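Read the figures in this text as sums done on the coordinates, not as results from a lab. These numbers were taken from a predicted model, which means no experiment stands behind them. Glycine also receives a Cβ, built like all others from the backbone with ideal geometry; neighbour counts cover every protein chain displayed.
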Amino acid sequence: MARRGISSMFYSGMLVALLGSLLPVWRYHIDPNYLVVGTYFLVQNLGILAAMAAGSQILRKRGIAFTLSTGCGLAAGALLLLAAFSPPAPVYWRMAGFFLVGLGAGLVNIGGLHAISPAYDLHRAATLNLTGVLFGLGCLLSSLFLAGTFFVYTAPSLLVLMAVVPGFASVSFARAKMPTDPVVAQPTWNDAFREFKSPAAILFALLLFFQFGNEGALAGWLALFLIQRLGASPDTALFLLSLYWAALLLGRIAAQWLLPRVPHGRLLAGAVLLPMFACIALLLTNNLFGATVGVLLAGGGFSVILPLVMEKIGDRFPYYHPGFFNGIFSIALTGGLLAPASLGYFAHFLGIGVVMGLPLAGSILVVVLLLLILLEARFNAA
């Protein structure tokens with residue numbers, strides 16, 4: 001059960017990263033409509049929040065396997081809908097498609113986080129880190145697939161091919177024999193809600209909100225930014241976006257080796273300063289070499305934050321409650337989609353250069369929240 005739960009994070013990552021890679025495929029770099037792009041991100045986020053509201057009922061009545069199968073099935077149907085109504089079809093069909101993408105991703109998150117409960121009970125840090133790696137792998141392969149096939153297939157054909165993956169997963173989860181609920185002791189909902197009201201849980205949720213917002217803002221708009229500011233070709237911009245996801249993924253794997261060997265203060269300083277420098281470099285550069293360096297620094301810097309936070313979450317909350325962690329993770333994904341949504345509206349009035357301003361400001365907020373978490377931990381220990 002835990003293995004299937006961890007693997008479900010791959011499909012979640014593929015769905016969450018889809019929109020940032022799909023914009024050049026739909027030629028939004030030629031006819032930019034930033035308001036529509038921002039609304040795409042907003043509608044997808046609404047789908048995730050709707051899944052968070054309805055997913056608990058589905059999970060309780062029908063079980064983990066049904067929830068995962070339904071989420072992947074909705075995602076496959078959404079991709080087929082987007083394929084059928086790619087531009088220049090009316091935009092409201094694509095809005096409906098992205099709502100279903102968010103709804104499917106949200107259900108996959110709920111089912112997956114419940115399914116990993118037994119593994120989390122055995123090894124908290126390894127389980128959380130492995131789910132993060134699978135999520136990042138889904139993001140990477142989603143953008144890499146679109147980059148490698150940009151000049152090979154039409155946009156509808158690409159989406160039909162991508163729909164095969166969650167469609168196959170939906171059938172696989174439907175046939176899986178999984179218990180209706182994890183067989184590990186869980187605290188009551190009242191205990192979890194009381195813990196979520198604690199300062200530590202609020203600070204962790206806010207930190208993940210802004211950190212995922214930084215990552216999502218850059219991932220959602222990086223391809224369009226590189227095409228319009230530097231004149232990069234769409235496939236080159238998508239390959240650089242894939243490089244960003246690869247830097248995030250490999251950086252998080254490397255962080256697991258560094259955490260027990262390097263003082264956390266040094267890791268934190270690098271994780272904060274590198275993205276700031278990267279955003280400034282991307283804003284000022286006029287060539288692909290500078291853009292490549294900026295992308296690597298941004299991905300490498302952002303990658304260290306999440307393992308540091310997950311380690312502290314595991315220490316601060318030694319038990320596991322799926323609803324509690326799904327709430328924090330949904331808040332994080334909300335930040336990851338609200339940030340690029342707001343960038344669409346800002347870019348409409350201020351231009352595409354604002355894309356690098358939001359992650360820069362968000363990195364400063366992450367520093368403040370990390371310092372507050374450390375201060376809260378000292379008070380709690382005392």
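Per-peptide packing, taken as the mean over residues of other Cβ atoms within 10 Å, places 77-87, 296-306 in the sequence 296-306, 77-87 from highest down. Spin-label model, residue 164/residue 152: points 7 Å from Cα along the beta carbon direction are separated by 1.1 nm. Specify whether the C-alpha gyration tensor of the range 1-56 places it in the rounded, prolate or oblate class, a ≥ b ≥ c being the square roots of the eigenvalues: rounded for a/c under 1.5, otherwise prolate if a/b is larger than b/c and oblate if not. Note, shape of the range 1-56 comes out oblate.
To the nearest 0.05, what FRET efficiency results for residue 368 and residue 262 with a Förster distance of 30 Å applied to their C-beta separation?
The pair residue 368/residue 262 has a calculated efficiency of 0.85.
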